[in-house]
Every structure is written in C-alpha cells, then in structure tokens.
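In what follows, a structure is listed as structure tokens, so that the remarks can point back to it.
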Amino acid sequence: MNANAKSHADKGATANVAPITYVRIAEVLIELGMITREKSQSVLADAVGYAAEPIRHRYDIASALESFGVAVSIHSEDVDFADAHYEWLLNEAAALTGGQVTIANYRFEKDDPDDEECGLGTMHFECNGKALSFSVEQESNDYLDMGAAQAAIEAISPDGDPWEFRCVVQEGRQLSDDIMVLATAEQRAGLRQHLGIAFQRPWR
C-alpha cells in the first residue's frame, strides 16, 4: 500500500470510530436536511456544557434527536393519567410537522367510564379533519399502551409527504421510552449509516 492510499485508509478508519457527540449529531442532521444551521446553533448553545462529550449508547444518541426537534418520545413509565396524556403526545408530534398536521376533538372513551383507573378503551381524534380511532389495551390508566401510541403517531404523518414517523429500534432487555422520529426513508438510511440508529417497521 502506497503512502497516499494508507493515509486515506487511516482517515476512513478514524471516521468510522469517531465518537458521536451532540456536535456530530447536528452535523448529520444538517447534511440530511432535517434541521437548519440556525436550529443546530440554538441546540448546541443550550448544550454547550456537554455538546462535545461522546455519547456512549445508541439509545442516548436516538434520544438526543428530540432536542433537535425531529423526534418525540412515548413515555414508558408512570404518566398519572394516560387517557389524557395521549392528547398531549399527539400534539407534541404534530408540532414537529411545521403546521402541516393539526389535532382536534380528542376524546378517550373508557370501557368502564366510572373507573378512573381503567386504561382500557378507545382514543378518538381528528387529524387535519380526518376522524381516527385507536383501541387502547393498557389496563392501568397510569401507563400508556405503547403500541397504540406508536400507531397513532405514525397515523398523523403528513399526507402526500415523504416525511413520516417511525419508531427507533431499542436494544437489550431493559426497554425505555419509544423514540418516534419524523424523517424520510432516505434520511432514516442516513441516520443508520452515520449514527447507528435503526428503525422498526410501521406498526400497522
């Protein structure tokens, strides 16, 4: 191997093992067209104390996307009143679309209306005027039905637009919040290539 070839190989090896930081995530998101430079500068200014620190775990890398306004998380732990939390979550996801999606007329129809702790039922809402409903099968009203929440968020992906919500694959036995990312297929491929983030198949 000549000196030039070895130099290029060394640079490639370095790039492959370079630590992922908030700064690197910002660079990738800009390259993929997911955020503006202004957004990047704003987030990095808020993260100035740790922006250059390596992020060790893939889940933490995916979780950082929420700070950049391209993802929303579905909480896996106690949310007090899940039937009301779904509405907040849907509006948080809709806000990432830049006004393309609006949520209205949300209501939760409990299987047992007299039991405040009952989490079983159906969530109803309108997305851009279209009526949608999702069955919720979480018996406790303290916790979200993660599958129902994921399906509902996927369903509000902008119509006629390549951007859609998809859930990040989690690794290991200890599952945390689900991270839903708004991106195109090409951008998801870029996130996997550059940040090691993989995505689940659509819920439905």
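The values are calculated or read from the model by the stated rules, or taken from the named source; none is laboratory data. Everything numeric in this text was worked out from a predicted model, so none of it was measured. Using ideal geometry, Cβ is built from the backbone for each residue, glycine included, and neighbour counts are taken over all protein chains shown. Ligands, DNA and RNA are stripped out before the accessible areas are found, and what is left, the full protein with its side chains, is counted by its heavy atoms. Shrake-Rupley method; radii C 1.70, N 1.55, O 1.52, S 1.80 Å.
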- request: For the stretch 114-124, state whether one or more residues are on the phi > 0 side of the Ramachandran plot and at pLDDT below 95.
  value: no
query: Within the bounds of the stretch 128-139, is there any residue that is modelled with pLDDT of 95 or more, under 20 Å from E77 (Cα atoms) and crowded, with 22+ Cβ neighbours inside 10 Å?
result: yes
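Here is a yes/no grid of residues against (1) part of a loop (DSSP other than H, G, I, E, B); (2) open to solvent by less than 30 Å² (accessible area, probe 1.4 Å):
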{"position": "R24", "(1), (2)": "no, no"}
{"position": "G49", "(1), (2)": "yes, no"}
{"position": "I61", "(1), (2)": "no, yes"}
{"position": "D114", "(1), (2)": "yes, no"}
- prompt: Of all residues in the stretch 63-99 being under 23 Å from G119 (Cα atoms) and without any contact (Cβ under 8 Å) to a residue 40 or more places away in the chain, which is surrounded by the most Cβ atoms within 10 Å (Cβ to Cβ)?
  reply: N91
message: Looking at the stretch 164-186 only, could you name the residues that are polar (S, T, N, Q), under 19 Å from I55 (Cβ atoms) and open to solvent by less than 60 Å² (accessible area, probe 1.4 Å)?
response: Q170, S176
